[in-house]
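A quick write-up on the structure given underneath.
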Amino acid sequence: MDYEVKVIPEQKLGVINYKGPISDLDILVSKLMGWVDAEEIEYEGEPFVVYFSPRHEVNKGDAVYDVSIVINEDADEKDMIRVVDMIENKVLSGVHVGPADNILDTYAELVEIAQENHYDIIGSPKEVLIKNFHNCDDESEFITEIQLPIIEM
């Protein structure tokens, strides 16, 4: 697996904090993207999900997760969407191609890479939805960047 360590700069985010089934993810991404479009907010990149529930348990019922997008300006919060500042952080990043059915295999590879390189995983995983249900109809073409927050030991 190709991977990289990168620094994610300080960012302003539009965020939906959520506890519920992961099947609601597509609705939440639609709400978030509808908000940036309706409010004419400039944004960068693709929406992403940060999982606070263990990733292997999110399909078993309620999960705790955030759905976010990087925004380039202050914006008015609306309904369930908050605007927050994220501090700079370092991540181990790898790419998963295809549906989420076997995404845990990609996580396992990244954890192995972290151990081999003496990286300590210090926070919740982030999945950047580069090519996913919001912009692609064929699950076999999905591209998800997994980012694990790390410190080097």
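Bear in mind these aren't lab numbers, they're just calculated from the coordinates by the rules spelled out. This structure is a prediction, so every number in the text was calculated from the model and none was measured. All Cβ positions, glycine included, derive from the backbone under ideal geometry; neighbour counts span all protein chains shown.
To the nearest 20 debye, what is the magnitude of the charge dipole of the stretch 38-153 about its Cα centre, counting +1 on the Cβ of each Lys and Arg and -1 on the Cβ of each Asp and Glu?
Details: 7 positive and 28 negative charges, 93 e Å.
The dipole of the stretch 38-153 has a size of about 440 debye.
Which pairs in the list 31/90; 6/60; 12/60; 12/78 are over 25 Å apart, alpha-carbon to alpha-carbon?
Details: 31/90 28 Å; 6/60 32 Å; 12/60 31 Å; 12/78 16 Å.
Correct reply: 31/90; 6/60; 12/60.
Compute the long axis of helix 25-38 from its Cα atoms, compare it with the longest principal axis of the Cα atoms of the chain, and write down the angle in degrees, 0 to 90, nearest 10.
50
To the nearest 0.05, how large is the calculated FRET efficiency for residue 139 and residue 76 if R₀ is 35 Å and r is the Cβ-Cβ distance?
Working: r = 35 Å, r/R0 = 1.00.
That gives a FRET efficiency of 0.50.
Fully extended, how many nm does the chain gain between residue 121 and residue 95 (0.36 nm per residue separation, minus their Cα-Cα distance)?
Working: separation 26, 0.36 × 26 = 9.36 nm, distance 1.71 nm.
Full extension from residue 121 to residue 95 adds 7.7 nm.
For the stretch 109-146 and the stretch 60-85, compute the distance between their C-alpha centroids and round to whole Å.
Computed from Cα coordinates, the inter-centre distance equals 19 Å.
Can you tell me how the stretch 1-75 classifies by the Cα gyration tensor, rounded, prolate or oblate, using a/c under 1.5 as the rounded cut? The partial results should precede the final answer.
Values: a/c = 2.31, a/b = 1.22, b/c = 1.90.
Oblate shape, in that a/c is at least 1.5 and b/c is the bigger or equal ratio.
Answer with one residue from 64, 17, 87: the one whose Cα lies farthest towards the positive end of the charge dipole of the stretch 1-96, charges on Cβ with Lys, Arg +1 and Asp, Glu -1.
Working it through, the farthest residue towards the positive pole turns out to be 64.
Sum -39500 (n - 2.57) across every DSSP H segment of at least 4 residues in the chain, then divide by the residue count to get the 222 nm mean residue ellipticity, nearest 500.
Details: 2 runs with 28 residues, N = 153.
After summing the helix terms and dividing by residue count, I get -6000 deg cm²/dmol.
Mind pulling the angle between the C-alpha long axis of helix 103-116 and the longest principal axis of the chain? Nearest 10 degrees, somewhere in 0 to 90.
The helix 103-116 is inclined about 50 degrees to the chain.
Defining a contact as two alpha carbons under 8 Å apart and six or more residues distant in sequence, what relative contact order in percent does the chain show?
Details: 310 pairs, mean separation 46.3, N = 153.
Dividing the mean separation by the residue count of the chain yields 30 percent.
What is the sum of charges, Lys and Arg at +1 and Asp and Glu at -1, for the other residues whose Cβ falls under 10 Å from the Cβ of residue 103? Numbers along the way, then the final one.
Working: positive: 55; negative: 101, 105, 127.
Local net charge: -2.
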